[in-house]
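As structure tokens, the structure follows; a few thoughts come after it.
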Amino acid sequence: MAKPNSKKSKKKLFIFGGLGLLIVILIAMVIFGGDKEEIILVQVEKVEKRDITQVVTATGKINPEFSVVISPEVTGEIIELPVKEGDKVKKGDLLIRIKGDQYFAQKERMEASLNAAKATLRIRAAELNRLKKEYARVKELNQKGLASDSELEVAESNFLTAQASYEQAQANVMQVKAQLKEIMDTLNKTMIYSPMDGTVTQLNVELGERVLGSGFSQGTNIMTISDLSNIEAVVDVDENDVVLVSVGDTAIVKVDAFSDREFKGVVTEIGNSAKTSGLGTQEEVVNFEVKIKLFDLDPNLRPGMSCTADIQTETVHDVISVPIQSVTARIDFDRSGKTGEDKDEGTNDKMERKSGNRNKPKEVVFIVENNTAKMVPVKTGISDDNYIEIKSGLKGGELVVSGSYKAISRQLKDGSKVRIEKKKKFDRRKEN
């Protein structure tokens, strides 16, 4: 009867012995594993001197540098339209003729009125001449005592009245002449001529259409004449970047329709007035218009084409530089490797609060020496798409950590153990 109890005791011994061994193994892993230092995989790049060009990128449209919108000054029907969109015109070429029958009628009426006014003026001139002679004769007789004073007064009054009538007739002639000139000017405006050499880049009307003059309103936009020999890119530059742009800066312009070609240009004008979109919303954007004159034009360039401009605002030569992603920000740190995020809120923090100052992030890079990361504060300058200028902090020749983004921005600290791996293509999206 003792054998079953013995078997049960052995089973319990094995079970409890196994559990105890497992606990011992776990405790050992915690003790020895906790002291094991983490090794961070990084990619590095040698610090070298390079030429760096700072670029501001903006998008916009291709426009002619000089263009004129043609609008009529008179209202009427189009009876002649000798041009079509795309035609090249010379200065003085007829662009459009508007029916002017009503203005012809007004012209003939004014010419008749002018003839009548001139006839009246001749009558008044003859009457004035007669009364002037009569007044002179009566005045002479009065001096000899052969005419009374009353007769002299009557003669003088008649002369002055005739003189006034003559002056009134003169004024009437001048008034009718002015009216006739105005009608002639209006009649001439029924024919519109090209103000410049160029191309009809936009035509908004057809033959027989009635257009409105600009006398009482904006008038009909008939067509646009553009000088396609002078083309510019008009781009919108963000308010934070426009301060970097100067007149005379070189630009490389890519037109969407010419994917395999780049156009060189130069900044000729920077807008002073802001262009705001999404006002009052979280998507509010403030831009400034910048004009870039293009060179080496293609005859197939058309106004309104979309473009992207890379404006080269500044270039520095033979300067120490590192990959852009190598520069990160850290709160003020001491040489033990503790950052402001790791420190306890002790004396330093209380002093900072008392003085009203908080630790500000500093720009740093990590260099690798003997498989150890060393955090180095740096002062940066301008940057291009890949590299950023280092004004102080590095001498050149060091191995700077260039990846991964996670390691640079979060994992690395001063003194971290690292292992250099083959450099991978930097992709921030994957790291995030």
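The values are calculated or read from the model by the stated rules, or taken from the named source; none is laboratory data. What you see is a predicted model; the values in this text were computed from it and never measured. All Cβ positions, even for glycine, are placed from backbone atoms using ideal geometry, and neighbour counts span all protein chains on display.
May I ask you to list the residues in segment 289-314 that are farther than 19 Å from residue 65 by Cβ and either charged (D, E, K, R) or touching a helix residue (DSSP H, G or I) at 6+ places or on another chain (Cβ under 9 Å) (or both)? Hits for segment 289-314 are 310, 313, 314.
This table checks each residue for (1) modelled with pLDDT of 90 or more; (2) assigned to a strand (DSSP E or B).
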site	(1), (2)
4	no, no
29	no, no
42	yes, yes
51	yes, yes
54	yes, yes
78	yes, yes
92	yes, no
112	yes, no
119	yes, no
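Inspection of segment 164-187 identifies no residue that is surrounded by fewer than 15 Cβ atoms within 10 Å (Cβ to Cβ), among the aromatic types (Phe, Trp, Tyr) and out of contact with any strand residue (DSSP E or B) (no Cβ under 6 Å at 6 or more places or on another chain). Filter segment 260-277 for residues that are closer than 17 Å to residue 240 by Cα and either loosely packed, with under 15 Cβ neighbours inside 10 Å or not assigned by TED's automatic domain parsing to the domain that holds residue 302 (or both) and give the result. Within segment 260-277, 272, 273, 274, 275, 276, 277 meet the criteria. Screening the candidates 329, 251 for the property of being surrounded by 15 or more Cβ atoms within 10 Å (Cβ to Cβ), out of contact with any Ser or Thr (no Cβ under 8 Å at 6 or more places or on another chain) and in contact (Cβ under 8 Å) with a residue 24 or more places away in the chain yields one hit, 251.
Of the listed requirements (1) touching a residue at least 60 places away in the same chain (Cβ under 8 Å); (2) surrounded by fewer than 18 Cβ atoms within 10 Å (Cβ to Cβ); (3) touching a helix residue (DSSP H, G or I) at 6+ places or on another chain (Cβ under 6 Å), residue 120 misses just one: (1).
A Cβ distance below 6 Å, combined with a sequence gap of six or more or placement on separate chains, defines the contacts here; from segment 226-246, residues that are without any contact (Cβ under 8 Å) to a residue 60 or more places away in the chain and outside the structural domain of residue 88 (by TED's automatic domain parsing) reach residues that are part of a strand (DSSP E or B) and surrounded by fewer than 16 Cβ atoms within 10 Å (Cβ to Cβ) in the pairs 239/286.
Please work out if residue 14 is aromatic (Phe, Trp, Tyr), at pLDDT below 95 and under 57 Å from the mean Cα position of the chain (by Cα). Answer is no for this residue.
If you go through segment 196-228 and keep only what is at negative phi, surrounded by fewer than 13 Cβ atoms within 10 Å (Cβ to Cβ) and assigned to a loop (DSSP other than H, G, I, E, B), you end up with 206, 207, 209, 215, 216, 217, 218. For segment 388-400, the tally of residues that are within 41 Å of the chain's Cα centre (by Cα) and part of a strand (DSSP E or B) stands at 6.
Going by what's in this entry, would residue 71 be described as at pLDDT below 95, among the small types (Gly, Ala, Ser), within 30 Å of residue 244 (Cβ to Cβ) and under 38 Å from the mean Cα position of the chain (by Cα)? Judged against the criteria, residue 71 is not a match. Here is the figure for segment 160-179: residues that are over 60 Å from the mean Cα position of the chain (by Cα) and either at pLDDT below 90 or within 12 Å of residue 121 (Cα to Cα) (or both) total 8. In the set (1) in the same structural domain as residue 395 (by TED's automatic domain parsing); (2) in contact (Cβ under 8 Å) with a residue 40 or more places away in the chain, residue 257 fails one condition alone, (1).
Yes or no: residue 99 exposed (fewer than 13 other Cβ atoms within 10 Å of the Cβ) and either under 27 Å from residue 221 (Cα atoms) or in contact with a strand residue (DSSP E or B) (Cβ under 9 Å, 6 or more places away or on another chain) (or both)? Criteria not met by residue 99.
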